[in-house]
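To start, the structure itself, in structure tokens.
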Amino acid sequence: MLLVMPSPSPIFVAGTGRSGTSRIADIIGEHPLIHRIPMETKFLIDPGGLRDLADALTDRYDPTVGEDALHRLSDFLTVRVPGRRDDRGKTVPELVGERRYRDAVQQLWPQLIACTYDEPAPAEGFGNADRPAGPFEPLSRRRVLPRYFSDRGELLGILRGLVDTMFGGAAADAGKPTWCEKTPFNLLCMEFLWELVPGATIVHIKRHPVSVLASHLAQPWAPSTVDGALAYLKPVYHRWLTWKNTVDLRGRRYIEVKAEDLAADWPGQRRALFERLDVDDFVTPSTFQSHKLTNRNDQFDDETREFIEEALGDVIPAMGYE
């Protein structure tokens, strides 16, 4: 009799950034049952993505808010996402299957739109109703009236279908039953991610906040001064800790790990991680190594480090560090 193991749940990886999110996502994706979506897809939680749309067509709905959200999502899915390439020159559509991506996006719009109509375009330049401004002035513009979803669950089901098609299809192409998606600021959007994929597991990887700040200083997308990095990171930590203190995560599929602990006992911590993900242990090519985590320890002189620790205040112990 052939025994079939149940498929593990989809996985979201979260963190502050520069805390080990990429490495742990790589490791999880090296497991034979889990496919890592190879780059941050962005359209789930970033401004203009699915999270904004879910609010705009439910709690924040009016026709103008909804149309703006649809317009931004259209730009996101049809222009920005296909136009962004990773370090290997790949785009999200290429990585999840270009035909699959385009078909899924095309099939999304009829489910979100109540109707479309043409509105006469206002005159521009010196034109008026009798005298157009120029030969290329449009006579009308297409407007979209979005659906209002009094049942938020119905809308989340539609958006879930988009994710299942793209991510689930990519996992199937890789011969794996489930997927892992990594975006650091999943950290601040857990409630939405559990709405979108109710059975998902969220893996939150932590690193000492001083090391996180030190690593941010070397990134071109982050402030390059200590004061700037503190201004960037402190609200992230405070938002996360404020939210965590208001919810009971014991009933959620939530895993919190420290990068330092993973490096100190990699085989044991790896086994524990995969056990909590409901899969058998697997020796992955990628690992966590202590020397790669401690390379920031001497980046600051004693005075600067003391200043950073004082500025972070309760953040350090609240994140589980002394």
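Taking region 283-298 as the search range and keeping residues that are in contact with an Asp or Glu (Cβ under 7 Å, 6 or more places away or on another chain) and in a loop (DSSP other than H, G, I, E, B), which one is least open to solvent (accessible area, probe 1.4 Å)? Selected residue: Thr284.
Scanning region 275-322 for residues that are more than 30 Å from Arg239 (Cβ to Cβ) and of a type in the set (Phe, Trp, Tyr) gives a single hit, Phe282.
Screening Pro8 with (1) touching a Ser or Thr at 6+ places or on another chain (Cβ under 7 Å); (2) within 27 Å of Ala214 (Cα to Cα) gives one miss only, at (2). Residues in region 174-197 that are open to solvent by 20 Å² or more (accessible area, probe 1.4 Å) and either touching a Leu at 6+ places or on another chain (Cβ under 9 Å) or at pLDDT below 95 (or both): Lys176, Pro177, Glu195.
Which of the residues belonging to region 80-102 are touching a residue at least 40 places away in the same chain (Cβ under 8 Å) and either assigned to a helix (DSSP H, G or I) or among the polar types (S, T, N, Q) (or both)? The answer is Val81, Val92, Leu95, Val96, Arg100, Tyr101.
Is region 162-181 home to any residue that is farther than 24 Å from Arg270 by Cβ, of a type outside the set (A, V, I, L, M, F, W, C), assigned to a helix (DSSP H, G or I) and in contact with a helix residue (DSSP H, G or I) (Cβ under 8 Å, 6 or more places away or on another chain)? There is at least one residue in region 162-181 that is farther than 24 Å from Arg270 by Cβ, of a type outside the set (A, V, I, L, M, F, W, C), assigned to a helix (DSSP H, G or I) and in contact with a helix residue (DSSP H, G or I) (Cβ under 8 Å, 6 or more places away or on another chain).
The values are calculated or read from the model by the stated rules, or taken from the named source; none is laboratory data. Because the structure is a prediction, the values reported are computed rather than measured. Heads up, the Cβs are rebuilt from the backbone with ideal geometry, glycines too, and the neighbour counts pull from every protein chain shown. These accessible areas exclude ligands, DNA and RNA; they are computed on the full protein's heavy atoms, side chains included. Shrake-Rupley method; radii C 1.70, N 1.55, O 1.52, S 1.80 Å.
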